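Engineer: A single structure is presented below for examination.
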Amino acid sequence: MVGQWLAPVLEMAAMASGNWPLAPRPARSRWTCYPRIATRRPGTDASCVSVARDFTTATLRRWEMTGRADDVVTVVSELLTNALRHALAPGPDQPRWPIRLGLLQPGDCVLCAVADPSGKVPVPQEPDLFTEGGRGLHIVAGLSDLWGVTTSSQTGKVVWAMFSAPPWPPPAGQGRWPAQAAGA
């Protein structure tokens with residue numbers, strides 16, 4: 001059973017993989033394959049980012065989707081760090097839903113999603129040259145093919161990123177990306 005927080009991301013996966021609209025009955029679904037889903041509640045301390053990176057790496061290996069694993073792992077780190085830093089600030093109206101990490105593989109792409117209890121939508125900031133922070137969403141945008149936010153007044157938000165996945169390992173005689181083999 002997919003958690004309520006992950007349902008909008010599953011819809012994004014369906015659209016990205018050409019399987020939208022979702023069929024009302026799974027038996028009549030047009031999915032070319034059912035999506036693989038892996039979720040985790042990483043915790044709320046700094047060590048959970050490392051645990052989430054390891055979980056992401058292991059999941060992508062198990063799914064044989066390692067072609068862009070470094071990009072996905074980096075984005076998971078950024079999204080989780082942002083959730084820990086900005087979404088868990090105590091407040092009188094803030095529900096205490098746990099942070100959740102979801103990975104989906106609906107075909108030839110991978111989606112990562114981090115849900116947190118804050119309804120505040122993240123906005124890329126112009127980073128200050130002299131500060132350490134402020135670059136996370138720029139990194140997410142630069143490494144992913146597409147990213148976005150879904151919000152719910154009841155459960156906070158889900159920040160997600162999508163990565164197209166090249167075949168891995170590449171066919172014999174080709175470099176990491178097919179364009180490298182063609183001399184591009």
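Engineer: In whole Hz, what ³J(HN,Hα) sequence does the stretch 58-65 give by Karplus (6.51, -1.76, 1.60; θ = phi - 60°), x for Gly and Pro?
Structural biologist: Couplings: 5, 5, 5, 5, 4, 7, 6, 10 Hz.
Engineer: Efficiency by 1/(1 + (r/R0)^6): what FRET value for THR44 and ASP145, r their Cβ-Cβ distance, R0 = 30 Å, to the nearest 0.05?
Structural biologist: Efficiency for this residue pair is about 0.55.
Engineer: Need one word for the stretch 36-88: rounded, prolate or oblate. Basis is the Cα gyration tensor (sqrt eigenvalues a ≥ b ≥ c); a/c below 1.5 gives rounded, then a/b vs b/c decides.
Structural biologist: Prolate, since a/c reaches 1.5 and a/b exceeds b/c.
Read-outs: derived from the displayed coordinates by stated rules, not from any lab. Fair warning: this is a prediction, and the values are worked out from it, not measured in the lab. With ideal geometry, Cβ positions are generated from the backbone for all residues, glycine too; neighbour counts draw on all protein chains shown.
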